[in-house]
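Everything below concerns the one structure shown next.
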Amino acid sequence: MGLRGRVSLSVGWVTLFLMGTDLFVVSPLLPFISEAYNVSSAIAGWMVTVFAVTYAIAAPFFGWLSDKNGRRALITFGLVLFFISNILTAFAPSFFLLIVSRILSGLSVASITPLIYAIIGDIAPPNRTGTWLSIVVSGHLTALWAGAPFGTLLEHFLGWRSVFVVMAIIGAMLAIVNFSTWKYTPKSDLTRNPIGGSLLRILGSVSVTTFWAISMYALYVYLGASLYSENGFLSTQIGLAITFYGIGAVLGSLISGQLTDRFGERNISKVTLIFLSLIFICLGIFFSSGDWIYLFLFLWALVGYAGFTSYQARLAVEYPNERGIVMAWNNTALYIGITIGSMVGGYVITKWGYSYLPYVCSIAAVISFALSTQKVEETKKTALSVDR
């Protein structure tokens, strides 16, 4: 890997770490925000909802636009908007403007995250796409167990508004860095109309991610509550469990890149989904087994996020000329799956209790595997050499 490659991966990693922190840090700050604006926690939760909905709607448009006109300008635009939106979040005089700021933030991240994935796929050397994508994906996942806790620590000393000010300043600096870094990246050749048959193929492909997200988040959203209910865990034990999960997610992403480049994107993405379904069954059996749960949470995240990263690499290879829009639709599919997963999880615990959640997640993983066996027609891996 040359100097330019190391710089590109470093910039991509840091940028996605910031995007992940912006996503994950809001939830632990909600009690302080709701108190500041004198609204209930449920109402304050709309900050997360409007962000996710805006992201899911806007990401495919930015992906399509980047395939036609290049990714550099859109990533830079997104980071400038990220700066503006987070400054507005920090100093919004009313809760209405606070919600507007999160809509703008969702719009900004929609023009950054999927395009970083796409641009790394554009510049990765042949047979190294999986490894390169796994590195930048780990930046996003690291925010889960490092970025969000750092934000809560910053809140403790300087207040919740300081968190968004710091993120805004870093976003402004990254706008300059990204504009310089992606100066010599190639443009994609969008040869097919994404409104026609190509879009149907893309939607079929990203449906794998939707069911993967359902399997992962139907349980994860309620993990703390389920550990408290089924194991009697204290807050410190729940925090330790989340740490095991977060470390497993990062390691899974990094290991997946090496395995993907060695054994192929299709093979690793399918094998991990099979193992994921089996791990969920083990989780269901041993969920109340005390300290053993830490091991199974680690394995769950390790295998689950290895599958996500390998499937990202698979999409990058199978759609070389539509990489931007495919990555964007895949991120939209991810958010749709997270939303559906949280709804499914809520229904399951209401009807049958927490102990049934892992088994429902296992079924979703099996469906994701079945969908992953579909083949993308009219796509050749040799097209990568043309794209590069």
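Where a number appears in this text, it was derived from the coordinates with a stated rule and is not lab data. Computed from a predicted model, the values in this text were never measured in an experiment. All Cβ positions, even for glycine, are placed from backbone atoms using ideal geometry, and neighbour counts span all protein chains on display.
With each pseudo-label sitting 7 Å past Cα toward Cβ, what's the Gln258-Ser288 distance in nm, one decimal?
Calculated label separation equals 3.9 nm.
Along the charge dipole of region 197-387, Cβ charges K/R +1 and D/E -1, which of Ala370, Ser269, Gly232 sits furthest on the positive end?
With unit charges placed on the Cβ atoms, the residue in question is Ala370.
How large is ³J(HN,Hα) for each residue in region 331-344, as worked out from phi by the Karplus curve 6.51 cos²θ - 1.76 cosθ + 1.60 (θ = phi - 60°), to whole Hz, x for Gly and Pro?
6, 4, 4, 4, 5, 5, x, 4, 4, 5, x, 5, 5, 4
If amide H atoms are built 1.01 Å from N in the plane of the peptide, which residues on other chains or at least 5 residues away come under 5 Å of the amide H of Gly70?
Ser188
Compute and list, largest first, the equivalent-ellipsoid semi-axes of region 14-129 from the alpha carbon gyration tensor, each √(5λ) rounded to a whole angstrom.
Over the Cα atoms of region 14-129, the ellipsoid semi-axes are 30, 14, 11 Å.
Could you work out the percent of alpha carbon pairs in region 253-349 separated by over 21 Å, rounded to a whole number?
More than 21 Å apart: 45 percent of the Cα pairs in region 253-349.
How far is it, in nm, from the label point at Glu230 to the one at Phe91 when both lie 7 Å from their Cα along the line to the Cβ?
In this crude spin-label approximation the distance works out to 4.7 nm.
Could you rank the peptides 335-343, 225-233 by their average count of other C-beta atoms within 10 Å per residue, with the highest value first?
So the peptides 335-343, 225-233, ranked by packing, come out 335-343, 225-233.
How big is the Cα convex hull of region 197-387 in projection, averaged over all directions, in nm²?
10.5 nm²
Amide H neighbours of Phe233 under 5 Å, at least 5 residues apart or on other chains, H built in the peptide plane: list them.
Amide H to amide H, under 5 Å and 5 or more residues apart or across chains, Phe233 pairs with Tyr228.
Take the Cβ-Cβ distance between Leu3 and Tyr359 as r, set R0 to 51 Å, and report the resulting FRET efficiency rounded to the nearest 0.05.
For Leu3 and Tyr359, the calculated efficiency is 0.55.
Can you compute 3J(HN,Hα) from phi for each residue in region 230-237, using the Karplus curve 6.51 cos²θ - 1.76 cosθ + 1.60 with θ = phi - 60°, rounded to whole Hz and x for Gly and Pro?
Running phi through 6.51 cos²θ - 1.76 cosθ + 1.60 with θ = phi - 60° gives 8, 10, x, 5, 7, 4, 5, 5 Hz.
Tell me, in nm to one decimal, what length is gained between Leu153 and Val100 on full extension, where the rule is 0.36 nm per residue of separation less the Cα-Cα distance?
Contour length minus Cα-Cα distance gives 16.5 nm.
Work out the count of Lys pairs in the chain where the Cα-Cα distance is under 18 Å, with the pair 8 or more places apart or on different chains.
So the count of such lysine pairs works out to 4.
For labels at Ile169 and Ile274 in the simple 7 Å Cα→Cβ model, what's the distance in nm?
Computed distance between label sites Ile169 and Ile274 equals 5.2 nm.
Using r as the Cβ-Cβ distance of Arg128 and Phe61, and R0 as 35 Å, what FRET efficiency do you calculate, to the nearest 0.05?
After rounding, the FRET efficiency stands at 0.75.
Between Ala73 and Ser40, what is 0.36 nm times their sequence separation minus the Cα-Cα distance? Round to one decimal in nm.
8.0 nm
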